[in-house]
Amino acid sequence: MSRVVVVVQARMTSTRLPGKILADVGGRPMLAGQLERLRAMRTASEVVVATTRLSTDAPVAALCEQLGVRCVRGDEHDVLSRFVLAARETRADIVVRSTADCPLVDTEVADAVVRTLLQAPAADYASNVHPRTFPRGLDVEAMPVDTLARLDRAATSRPSREHVTWFIHAERPDLFERVNVQAESDYAALRWTVDTPEDLAFVRAVDAALGTATHALPWLQVARWLEAHPEVAALNQAVAQKAH
């Protein structure tokens, strides 16, 4: 049985919305709800938060302690090294990557990505973003720990160290066997990630209507509700995705 470890990269010093990961959504920190969703994955052996050694991220570590979630702390910019540390400390066989700005991450979608990797013995990497058909904010990536070790040895550019899987999909995709999970229809235009005040307002509005902070509704149910409530979807429609 493979030991599947979900690593959530998290830091308080977001450039566009500092402190967003601990912002209140439904009466608790946004990160707490995301961790609860990921801990409900059927394929996951453990969920770990990988944050920085900066004093500004002490509240992240404190929340993890409160929730009983392991927290590893490392370099601010070398996020890849934090993943390597998390994998080593947890003796992971499979590493799943999630980012702490995805409060609506879907448990079943995350499980589907892991199962797709496990069912493809030759695969080095699985995701639901290449190509993207799910809403932005449901992003999940998974890889054997050997792939992570390869990245740590080969990835030297700043983007590849900061964005963890950049080397796979932007620098040397020819070196990796990749598999992808796709939605039945294309929902890629939907923005459910939190990077700006408008994004946070959107997530809070969805939670106020559907209780997503405490009830992990299937993502398609949320998408269909938004189709019927375009005024909520419009709250962050104009937000441009930050370039890497």
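No lab work stands behind these numbers, since they all come straight from the coordinates. Owing to the predicted nature of the structure, the values given are computational and were not obtained by experimental measurement. When we count neighbours, we look across all protein chains shown, and the Cβ atoms used for this are built from the backbone with ideal geometry, even at glycine.
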**Prompt:** When ranked by the protection proxy of mean other Cβ atoms within 10 Å per residue, highest first, what sequence do the peptides 91-97, 4-10, 45-51, 157-163 form?
**Reply:** 4-10, 45-51, 91-97, 157-163
**Asked** Taking K and R as +1 and D and E as -1, what net charge do the other residues with C-beta under 10 Å from the C-beta of ARG97 add up to?
**Response** -2
**Request:** Would you compute, for the Cα atoms of the stretch 153-194, the largest minus smallest coordinate along each principal axis and list the three values in descending order, in whole Å?
**Result:** 36, 27, 11
**Asked** Mind checking which of ALA233, ALA32, ALA62 has the largest fluctuation in a GNM of the chain, springs on alpha carbons under 10 Å?
**Response** ALA62
**Request:** Report the residue, chosen from ASP78, ASP186, ASP195, that carries the largest GNM mean-square fluctuation when the chain is represented by alpha-carbon nodes joined by springs under 10 Å.
**Result:** ASP186
**Asked** For the stretch 71-174, what is the convex hull (Cα atoms) projected area averaged across all directions, in square nanometres?
**Response** 6.8
**Request:** Show me 140-152, 116-128 ranked by packing, highest mean number of other Cβ atoms within 10 Å first.
**Result:** 140-152, 116-128
**Complete:** Here, the stretch 4-236 modelled as identical Cα point scatterers in vacuum has Debye log10 I(q)/I(0) at q = 0.09, 0.17 Å⁻¹ of -0.34, -1.31
**Prompt:** Which percent of Cα-Cα pairs in the stretch 111-244 sits in each 5 Å bin, short to long?
**Reply:** 2, 9, 17, 19, 17, 14, 11, 8, 3, 0
**Complete:** Calculated from DSSP helices alone, with each H run of at least 4 adding -39500 (n - 2.57) and the total divided by the residues of the chain, [θ]222 nm to the nearest 500 comes to -10500 deg cm²/dmol
**Item:** Charge tally in the Cβ shell below 12 Å around ASP199, where Lys, Arg are +1 and Asp, Glu are -1, ASP199 excluded
**Value:** +3
**Item:** Those Cys residues of the chain for which no other cysteine Cβ falls under 4.7 Å
**Value:** CYS102
**Complete:** With T = 25 °C, eta = 0.890 mPa s and Kirkwood Rh from C-alpha pairs, the Stokes-Einstein D of the stretch 184-244 in µm²/s is about 202
**Message:** I need MET12, MET30 ordered by Cβ neighbour count within 10 Å, fewest first.
**Reply:** MET12, MET30
**Request:** Return an integer: the convex hull volume of the alpha-carbon atoms of the stretch 74-131, in Å³ per residue.
**Result:** 121
**Item:** Rough spin-label spacing in nm, given labels placed 7 Å along Cα→Cβ, for GLN66 and LEU175
**Value:** 4.1
